[in-house]
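Have a look at the structure below before the remarks.
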Amino acid sequence: MNNHIVKPISLEDFKKQRKSLRNINKEISENRTRLDRFAVFITEHIGTMGFFLIILAWTLLWLGWNLLAPQNLQFDPPMGFVLWLFISNLIQILLMPLIMVGQNIQGRHSELRAEHDLEVNVKAEQEIEIVLHYLEYQNNLLLKMVEKMGIDLREVLTQKTL
């Protein structure tokens, strides 16, 4: 049985082979079409509490004016079924921006988690690089010790062991 010990790749060679990290956020933002950018703009601006409060204020103002103002000043007087239709759809009108607000908050949270994961991975890579450097240093020390003892390392590595 041949036990071949393969010399590990040096740290410098490893660094040369390693691919640099990609900035996914930059790649995605650069590859967005005009319509994509418009959709993101709308989502970011409609999905805010400010927009929700504007819609809520406008809805309450419109409904209050058309219900409580003198009849000759009402610009959109409610009929029975239209008022009930409006009230039933009011929840949907107000819910849409609230859902988008929640999605934007969750999206920002997800983005922060992804950035944190990247930081952890980069830190782990740096620590592994230090360990590899240390192992390479130990390997070089052992090779020098074997050489100083006058032992032919190739002969030892190619010997058959029982």
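The values are calculated or read from the model by the stated rules, or taken from the named source; none is laboratory data. Owing to the predicted nature of the structure, the values given are computational and were not obtained by experimental measurement. When we count neighbours, we look across all protein chains shown, and the Cβ atoms used for this are built from the backbone with ideal geometry, even at glycine.
Taking (1) among the charged types (D, E, K, R); (2) at pLDDT 80 or above; (3) more than 22 Å from THR48 (Cβ to Cβ) in turn, GLU111 satisfies each apart from (3). Apart from one condition, ASN25 fits all of (1) within 20 Å of the chain's Cα centre (by Cα); (2) at pLDDT 75 or above; (3) part of a helix (DSSP H, G or I); the exception is (2).
List the number of the failed condition for ILE46; all other conditions in (1) in contact (Cβ under 8 Å) with a residue 12 or more places away in the chain; (2) within 16 Å of ILE128 (Cα to Cα) hold. Tallying (1) in contact (Cβ under 8 Å) with a residue 12 or more places away in the chain; (2) within 16 Å of ILE128 (Cα to Cα), ILE46 fails exactly one: (2). Among the residues in the range 155-162, are any of a type in the set (Lys, Arg), farther than 30 Å from ILE28 by Cβ and without any contact (Cβ under 8 Å) to a residue 60 or more places away in the chain? Scanning the range 155-162, I find no residue that is of a type in the set (Lys, Arg), farther than 30 Å from ILE28 by Cβ and without any contact (Cβ under 8 Å) to a residue 60 or more places away in the chain, so the answer is no.
Look through ASN139, ASN104 and report the one residue that is closer than 30 Å to ASN25 by Cα, part of a helix (DSSP H, G or I) and of a type outside the set (A, V, I, L, M).
Result of the check over ASN139, ASN104: ASN104.
Number of residues in the range 42-82 that are modelled with pLDDT of 80 or more, in a helix (DSSP H, G or I) and farther than 29 Å from MET100 by Cβ equals 1. Annotation for the range 55-78: no member residue is surrounded by 14 or more Cβ atoms within 10 Å (Cβ to Cβ) and touching a Ser or Thr at 6+ places or on another chain (Cβ under 8 Å). Scanning the range 28-48 for residues that are under 18 Å from GLU111 (Cβ atoms) and among the β-branched types (Val, Ile, Thr) turns up ILE28, VAL40, THR43, THR48.
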